[in-house]
Structures are given as structure tokens and as C-alpha cells.
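The values are calculated or read from the model by the stated rules, or taken from the named source; none is laboratory data. None of these values were measured; they are calculated from a predicted model. We place every Cβ from the backbone using ideal geometry, glycine too, and count neighbours over all the protein chains shown.
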Amino acid sequence: MPLFNVYPLYDVTPVSGNGVYVYDEKGVEFLDLYGGHAVISIGHAHPKYVKAVTDQVTKLGFYSNAIQNPLQKELADKIEKLSGCKDYELFLCNSGAEANENALKLASFKTGKSRIVAFRNGFHGRTSAAVAATDNPSIIAPINAQQQVTILELNDISGVKAELEKGDVCAVIVEFIQGVGGLDQGTSDFFEQVYALCKANDTMFIADEVQSGYGRSGKFFAFQHYNVTPDIISIAKGMGNGFPIGGILIHPDIEAKFGMLGTTFGGNHLACAAGLSVLNVIEEQKLMDNVNEMSEYFIKLAKTIPQIKNIKGRGLMLGLEFDFEVGDLRKKLIYEHHIFTGGASNKKLLRILPPLTIRKEHINMFFEALIETLAEVEA
Ligand SMILES: Cc1ncc(COP(=O)(O)O)c(C=O)c1O
């Protein structure tokens, strides 16, 4: 049976991983500066993670949400402790799109309204409302296009005001650092005014932290760089270090009633064990401090390279913008230097999303390879 073509494939077959490296079937080592789309937070095959997942699966991998599962409460308490987001409720699911789908659904339940405001170049996932709120017509099927969504330019505060004052908007959904779109960010003023407009117009302010959350921006959540308190926060990628898990944090002002949301697999025992070990490692290894230190070092080196026209993003969610398309550069980095990097909708941008455990020596390796490759591309 042929496989559905999900993405264009590189001809590399990783079969194992360790820290910031993955290895192919011949044992060739690749430096992973992409973390499998920002998923690998604490590094490949972290021993504490492997032990936690192994121990749990030998005891009980799964049971449904119809029984007591104390691991869910432990996970919720740990997220509260590390994020500082007090008194939110946690609903667990399995992916980023599912998290946003539930966030939008809850916003609609809470407000009784149905229109969504989202932003140009935003990406929120592939499911019904999440994909409708994504600014990419080529992935929106007619069934998704029935959703009422208004896409506005980032920083267009008068546009947001005009739309919210019409009174039918249930949610504004925001990536504080755009991922797939190419690492663009709104201004502080913009985010803070959008938040105030949401409050004034009974509209839910949803922070899509699927990619930017879990320490990647240098704070636990990227919205914490601003003076806002989201009504709903969606989380996924870094949460399970590769184990599929997602969720939403629901502000105490929202009375999320029994029956509004539900799931079979969400919050299962194995997912919770994976999620808990990720948070334990983030805390024990002080990975958010490492993110800030490594980010500063990375940006310092990037600034010395004249071909880099713009450095975007924050923490270890960074984009290097060139004045040419980077497809060939990425291929050379993979095939000749064995370094994984990412692309974005902005074809001139190289995306850097390494495990949060990265060290200076790995960053040095990247820049040595980049300088050599840029010289070859130019020759
Ligand atoms: C900001 C953001 N939201 C949502 C999603 C969708 O997540 P998933 O692919 O787990 O459904 C992504 C995936 O790239 C993302 O970057």
C-alpha cells in the first residue's frame, strides 16, 4: 500500500537519537537544529524520559477518561508550577490542531458567538476550525471554509477594533511568535491592545503556544513577554518530547462545563508520564536559562554573517532571513554537513528549532558549516 504524501521528503532515515543528534541506519550522525518541527524539547532519548515512559508502559499504558488518573493532576500541577499560570484548568488532548480546535470550540460555547479573528501568515493546524483560522487557502477544503473567519494583518489594531465591535467574534487566536509563517511577531502595543479589545467585547483571547510554549521562547510561554492574560492557552509540540500530547489551559473566568469537551486518548497514562518527565527535566536542568544563554550566543554569531539580512524570533525559536531562497542551502547543510534545519512559508528564511539542551559547541558547528556553505553557494 503506498503512503500518503504528507511532506516533501529528504533522503535521510534516522533510526536512533541521542541529545541533539540523530543517527541514520549506517550510523551517520546528524545535528538536529529542527527538533522534528520544534517537538524535541529535552533532547532525543533523554535517559529520564526513556525510563519514565518505559516504566509507565510496563505498568499501564492506557485507560480511558472514565477512571481516576492521578498522573493528569500531577501534570496539571507541574504545568502550573513551571508556567506560573495560576488556577487555569487543564484539558488534555493529542496534538496542536486538536488543542486549537478545542480552544475555539470552548470560546464559541462561552460567548455564544461563532466568528474567529486570526492573522496573516498564521498557522493553527489542519482540523476544521483550526485550519479555517490558518492563512493558507491551499489547505482549506470547502467543508472548512464554512467557518466564519476574518484574517487581519499583524499589528492592524484598527482592523481588530472594527471587527470586534461588530459583536459576533468569539475568539482572537494569536501566535506570539509565528512558527510556520516565518517567525514574525506583533508589537507589544498590538498584543496588549488586542487583549484589551477582547476584554471589552466579550471575545476570548487565545494564545496558540503549540510551538512557542514550553520554554522555547525563553519564558515558559511566549505571551509572558507581554502584559496579557489569555483566556485559553493551547499547547502541544514540546510537551511530550515526541510523544503525542496536547492540551488547553482554561482561565478560571471560563466555566467549562462537563460535556463541552471530551476525548478517548487525551491524557492517557503514557502521555502523562512522558509529559511529566519533560517538565521534570526542564526544571532540573534549568533549560529555560539555557534557552536564553544559547539564544544570545546564537544571535551574536548570526550578526557576524553579512549574508544574514534579518534575525527573527526569540529564544530557541529563531529565523535567519537571507536575500535568496534557502532550499538549496538546507539541502547542502543536510547532505554535506549533516545538519537539520527548517524552512518556513517565507522561502528566504532558515528556521532554527533545536532541542532546548543545545550547547555552544553545537552552535559553533552550525555556523562553521553555514559559512562554508554560503561561500560555496556564492562561488
Ligand atoms: C502554532 C501552531 N499551532 C498549531 C499547530 C498544529 O499542530 P499539530 O501539527 O500537532 O496538529 C502547529 C504545527 O506546526 C503550530 O506551529
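If you check Ser83, Ser41, which single one turns out to be within 24 Å of the chain's Cα centre (by Cα), polar (S, T, N, Q) and assigned by TED's automatic domain parsing to the domain that holds Ile250? Spell out how you get there, then give the answer.
On the way: Ser41 fails: assigned by TED's automatic domain parsing to the domain that holds Ile250.
Within the list Ser83, Ser41, the selection yields Ser83.
Only one residue in Ala222, Ala274 is touching a Phe, Trp or Tyr at 6+ places or on another chain (Cβ under 8 Å) and farther than 20 Å from Asp208 by Cα. Which one? Walk me through how you get there before you give the answer.
Numbers: Ala222 fails: farther than 20 Å from Asp208 by Cα.
Selected residue: Ala274, the only one of Ala222, Ala274 that is touching a Phe, Trp or Tyr at 6+ places or on another chain (Cβ under 8 Å) and farther than 20 Å from Asp208 by Cα.
Just for the range 38-80: of the residues that are free of Cβ contacts under 8 Å to residues at least 60 places away in the same chain, within 24 Å of Leu249 (Cβ to Cβ) and in a helix (DSSP H, G or I), which one is farthest from the ligand (Cβ to nearest atom)?
Pro70
Do the conditions hold for Phe4, that is, is it modelled with pLDDT under 95 and within 30 Å of Leu333 (Cα to Cα)?
Working: modelled with pLDDT under 95: yes; within 30 Å of Leu333 (Cα to Cα): yes.
It is true that Phe4 is modelled with pLDDT under 95 and within 30 Å of Leu333 (Cα to Cα).
Looking only at strands (runs of 3 or more DSSP E) that lie completely in the range 133-249, which have at least 2 residues being within 21 Å of the chain's Cα centre (by Cα) and closer than 21 Å to Cys85 by Cβ?
Where strands (runs of 3 or more DSSP E) fall fully within the range 133-249 and carry at least 2 residues being within 21 Å of the chain's Cα centre (by Cα) and closer than 21 Å to Cys85 by Cβ, they are 169-174, 204-208, 232-235.
May I ask you to say which residue of Phe205, Phe190, Phe223 is under 24 Å from Asn280 (Cβ atoms) and touching a helix residue (DSSP H, G or I) at 6+ places or on another chain (Cβ under 8 Å)? Before you say what the answer is, go through the steps one by one.
On the way: Phe205 fails: under 24 Å from Asn280 (Cβ atoms); Phe190 fails: under 24 Å from Asn280 (Cβ atoms).
From the options Phe205, Phe190, Phe223, the qualifying one is Phe223.
Table: residues versus (1) within 29 Å of Tyr7 (Cβ to Cβ); (2) within 11 Å of the ligand (Cβ to nearest atom); (3) surrounded by fewer than 23 Cβ atoms within 10 Å (Cβ to Cβ).
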| position | (1), (2), (3) |
| --- | --- |
| Ala107 | no, no, no |
| Ala129 | yes, no, no |
| Pro142 | yes, no, yes |
| Gln147 | yes, no, yes |
| Leu154 | yes, no, yes |
| Val169 | no, no, no |
| Asp184 | yes, no, yes |
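Which of the residues belonging to the range 187-230 are among the acidic types (Asp, Glu) and either touching a Ser or Thr at 6+ places or on another chain (Cβ under 8 Å) or crowded, with 19+ Cβ neighbours inside 10 Å (or both)? Let's see the steps before the verdict.
Within the range 187-230, the subset among the acidic types (Asp, Glu) is 189, 192, 202, 208-209.
Across the range 187-230, the qualifying residues are Asp202, Asp208, Glu209.
Conditions (1) at pLDDT below 95; (2) within 16 Å of the ligand (Cβ to nearest atom), marked per residue:
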{"residue": "Ile235", "(1), (2)": "no, yes"}
{"residue": "Gly240", "(1), (2)": "no, yes"}
{"residue": "Phe243", "(1), (2)": "no, yes"}
{"residue": "Gly246", "(1), (2)": "no, yes"}
{"residue": "Pro252", "(1), (2)": "no, no"}
{"residue": "Glu255", "(1), (2)": "yes, no"}
{"residue": "Thr264", "(1), (2)": "no, no"}
{"residue": "Cys272", "(1), (2)": "no, no"}
{"residue": "Leu276", "(1), (2)": "no, no"}
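Only one of these is in a helix (DSSP H, G or I), assigned by TED's automatic domain parsing to the domain that holds Cys85 and over 24 Å from Gly167 (Cα atoms): Val291, Val278. Name it.
Val278
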